[in-house]
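Beneath this line is the structure, given in structure tokens, with notes to follow.
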Amino acid sequence: MTGLSVDRHQDLTVANFLTLRWLAPDLPVIPVLQGWLRPDYERCAEKFAAAGVDLTKEPLVGVGSICRRPGTFTAGWILEDLHAMRLKLHAFGYKKTGLAVSWPHVASADSMAWSKAGRYERVCGTHNSEANCLRYAQSWRRDLLDHLAEERAGTYPGTVSRGR
């Protein structure tokens, strides 16, 4: 969308991370790997290493640009590749269907799905939309965690055993 290449976005991402760490060393700023194709993410990790950042020592490493994937397989492979590098991953904007497959490879994830779904539901009855409702968000989170627990145990309807 910006017209910049993946390579340029990666350079800017690394530079921004280094600047933020320098300006605010006490804030929990995490490095973020950017790319589009699987090799792009490894190349981005190499750029962090060249800048002196050991991603394996970071408490969390963000993975960008996976929320816009039309399917979950490519994103899942990217997460699996990065996890194999011993990185503790945070998947930005990763959907429930992706987490059902990739849960062994991520330490954390976020999603605006709860808020989007909440725009069309009236559960509490105290406001016009659940899009910003703490109780609704907590309920959505509980449902997601229950779903993932069922996936891990292989008890969710339609779950295919993955040999784990």
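The values are calculated or read from the model by the stated rules, or taken from the named source; none is laboratory data. Just so we're clear, the structure is a prediction, and the values are computed from it rather than from any experiment. A quick note on method: Cβ atoms are made from the backbone with ideal geometry, for glycine too, and the neighbour counts reach across all protein chains shown.
Table for the structure above
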{"read-out": "Test result for Pro25, exposed (fewer than 13 other Cβ atoms within 10 Å of the Cβ), assigned to a loop (DSSP other than H, G, I, E, B) and out of contact with any Gly (no Cβ under 9 Å at 6 or more places or on another chain)", "value": "yes"}
{"read-out": "All helices (runs of 4 or more DSSP H) inside the stretch 58-164 with 3 or more residues being under 30 Å from Gln10 (Cβ atoms) and modelled with pLDDT of 75 or more", "value": "72-84, 96-102"}
{"read-out": "Matching residues, the stretch 74-109, being surrounded by fewer than 20 Cβ atoms within 10 Å (Cβ to Cβ) and without any contact (Cβ under 8 Å) to a residue 24 or more places away in the chain", "value": "His83, Ala84"}
{"read-out": "Which listed residue is closer than 20 Å to Trp103 by Cβ and either polar (S, T, N, Q) or out of contact with any Pro (no Cβ under 6 Å at 6 or more places or on another chain) (or both), from Trp77, Trp36", "value": "Trp77"}
